[in-house]
Amino acid sequence: MSLFRNKHPLRRADSFKFAFEGIFHALVNEPNFRIQIIIALLSIAFGFYFNISNVEWALLTISMGLLLTAEMINTVVEEVIDYFIKELHNGAKVIKDLSAGFVLITAAIAAIILCLIFGPKVILS
């Protein structure tokens, strides 16, 4: 019977609850995540306003999703490092810097995609 307990629908529902709690934690505690949510929402609004194509929607969705994902991964890395390493440590700094660099690269790519999608539309209108 224990074989089926892990597959119980209530356990699946709890996993969604925990996931939403994590997103809510990022919204409440991470100012950069809130800024990126605003950018994603504005991008969606611009997408509707400019009636972008399905391919542009796909690129917009992927880039904004990756940006938000990168910020959450960065938050996880920082939380884990802060939890296990209480004192200043050069290795911890390098890990945190690499994680922040990951977010920066993702944000730069997302910005380029936004410019490619909306730049011509803004210039022509």
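Just so you know, all these numbers are worked out from the coordinates, no wet-lab data involved. Just so it is clear, the structure is predicted and the values come from calculations on it, not from any experiment. Cβ atoms come from the backbone with ideal geometry, glycine included; neighbour counts cover every protein chain shown.
Its Cα centre serving as origin, the chain has a Cβ charge dipole (Lys and Arg +1, Asp and Glu -1) of approximately 440 debye. One equal scatterer on each Cα of the chain, no solvent, Debye formula: the resulting log10 I(q)/I(0) at q = 0.17, 0.21, 0.22 Å⁻¹ is -0.95, -1.14, -1.19. For the chain, a Gaussian network of Cα nodes joined below 10 Å ranks S53, S43, S63 by mean-square fluctuation, and the top entry is S53.
Listed by chain and number, the aspartates and glutamates whose alpha-carbon sits under 14 Å from that of K93, ignoring those within fewer than 8 places in the same chain, are E78, E79, D82. Each Cα pair under 8 Å and six or more residues apart adds its sequence gap; the mean of these over the residue count of the chain is a relative contact order of 27 percent. The trypsin sites (Lys or Arg not before Pro) of the stretch 13-94 that meet both conditions, a loop assignment by DSSP and at most 15 other Cβ atoms within 10 Å of the site Cβ, are K86.
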